[in-house]
Each structure stands twice: as C-alpha cells, then as structure tokens.
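S.K.: Have a look at the structure that comes next, please.
The values are calculated or read from the model by the stated rules, or taken from the named source; none is laboratory data. Small disclaimer: the values here were computed from a predicted structure and weren't measured. Backbone-built Cβ (ideal geometry, glycine too); neighbour counts: all protein chains shown. The accessibility values were calculated without ligands, DNA or RNA, using every heavy atom of the protein model including side chains. Shrake-Rupley method; radii C 1.70, N 1.55, O 1.52, S 1.80 Å.
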Amino acid sequence: MSRETSIDIHFREVDALVSRWRHATVAMAAKGVPPHITLLYPWRPAPITDVDVSALKSVLKEQRPFPLVFTRVEQFANRVLYLAVSEESELTTLMEKIVAAFPDASPYGGEFSAPIPHLTIAMAPDDVTFDALVQEVSASVASELPIKVIVQEVVVMEEGEDTNWKVHSILALGE
C-alpha cells in the first residue's frame with residue numbers, strides 16, 4: 001500500500017472549538033491529523049526524504065510569518081463545513097510557491113483547479129445530517145469568531161503503515 005504525505009499549517013488554537021464535530025465526522029481527525037489548512041496534498045509518497053524536506057525549507061525561507069483570521073463558517077457543495085479565512089492572499093501565495101516548487105504534486109491530485117484554503121470542521125454523508133450540522137456548528141462557533149493567529153510554521157505530515165498520520169517535520173517560516 002502506498003502511504004501519503006502532506007504539507008499543512010496546524011491550528012491547535014481551534015481544536016477545542018471544533019473537535020466535537022471533527023472527531024465525529026472527519027476521518028483524518030481520528031487518524032491523528034489536527035485542525036489544519038492543507039498547503040499541498042498529496043505531496044510525496046512516504047517515507048519522506050531529506051532532499052524533499054530541504055527543498056521545502058528553501059521555499060519557506062523566503063516566506064515571513066503572517067497573520068490569519070478565521071472569520072466565518074462556510075460550506076462546500078459536497079457537505080463539508082469549514083472555517084473560512086478573511087484574507088487568503090498570503091496563504092494562497094504560499095500555496096502557489098509550494099506547488100511551483102513541486103510541480104509533479106498536484107493539489108488534491110488535480111481534483112480542484114484552484115483549491116480554497118480552509119479548515120474542515122465537519123462532513124456529512126447526507127443532506128439531512130448536513131443541515132443539522134450546519135445549524136449546530138454555526139450556532140456554537142459563530143460566537144467565538146473571529147479567531148486571530150500568526151502563521152509561523154509549516155508541518156509535514158506522513159501516513160504511517162498503520163494508516164495513522166504523524167508529524168514528520170515542523171519547519172519555521174523565514175528561516
């Protein structure tokens with residue numbers, strides 16, 4: 001079985017706010033992936049090499065830490081609820097730099113031409129469940145927004161042979 005890797009930004013600051021729904025509805029949460037925004041997935045087959053990590057470090061060296069604000073709960077047509085950010089430009093620029101450095105790794109396997117940066121809160125198998133989640137999550141999360149954070153690092157995750165994910169590397173921006 002081929003194991004995967006990803007390049008993410010983790011947001012432990014929102015874990016307590018969204019964990020109730022993430023752990024119940026998002027398979028990756030149960031496999032060890034904390035609240036995050038994906039920068040590139042899938043990246044490389046596991047195990048990750050030092051050469052790939054060094055190439056990623058070169059990209060991140062030019063990127064300074066930047067503010068990010070989660071402002072609202074949004075939804076995708078495929079019954080996914082997510083935290084949206086107020087300003088995507090620095091985040092999108094970082095994603096584009098990483099994708100340009102690894103042109104053989106298409107974001108989401110090429111499924112989306114222009115991925116929207118987001119932090120998944122919940123997923124639903126059907127419309128009835130989704131409608132209930134929208135009401136519950138929106139009522140609970142809206143009062144906690146906005147959430148302001150400073151993005152200072154990128155996390156490389158690697159799928160293990162047991163299909164659980166673990167942190168491979170934490171790479172600081174601007175170093």
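S.K.: What residue, among those in the stretch 8-19 that are more than 13 Å from the chain's Cα centre (by Cα) and in contact (Cβ under 8 Å) with a residue 40 or more places away in the chain, is nearest to Val167 (Cα to Cα)?
M.R.: By that ranking, first place goes to Glu13.
S.K.: Let me ask you something else. So which residues in the stretch 1-14 are at pLDDT 95 or above and open to solvent by 20 Å² or more (accessible area, probe 1.4 Å)?
M.R.: Arg3, Glu4, His10
S.K.: What do you reckon, is Ala55 assigned to a helix (DSSP H, G or I) and within 28 Å of Ala122 (Cβ to Cβ)?
M.R.: no
S.K.: In the stretch 120-171, how many residues are farther than 16 Å from Arg79 by Cβ and hydrophobic (A, V, I, L, M, F, W, C)?
M.R.: Counting residues in the stretch 120-171 that are farther than 16 Å from Arg79 by Cβ and hydrophobic (A, V, I, L, M, F, W, C) gives 16.
S.K.: Out of Glu74, Glu111, which single residue is charged (D, E, K, R) and at pLDDT 95 or above?
M.R.: None of the other options fit; the residue is Glu74.
S.K.: What is the number of the single condition among (1) under 24 Å from Trp43 (Cβ atoms); (2) under 17 Å from the mean Cα position of the chain (by Cα); (3) of a type outside the set (A, V, I, L, M) that Pro103 does not meet?
M.R.: (2)
S.K.: Going residue by residue through the stretch 18-33, is there one that turns out to be outside any loop (DSSP other than H, G, I, E, B), surrounded by fewer than 20 Cβ atoms within 10 Å (Cβ to Cβ) and in contact with a Leu (Cβ under 8 Å, 6 or more places away or on another chain)?
M.R.: no
S.K.: Output the residues belonging to the stretch 40-55 that are touching a Ser or Thr at 6+ places or on another chain (Cβ under 8 Å) and either hydroxyl-bearing (Ser, Thr, Tyr) or within 15 Å of Leu171 (Cα to Cα) (or both).
M.R.: Those that are touching a Ser or Thr at 6+ places or on another chain (Cβ under 8 Å) and either hydroxyl-bearing (Ser, Thr, Tyr) or within 15 Å of Leu171 (Cα to Cα) (or both): Leu40, Tyr41, Ile48, Val53.
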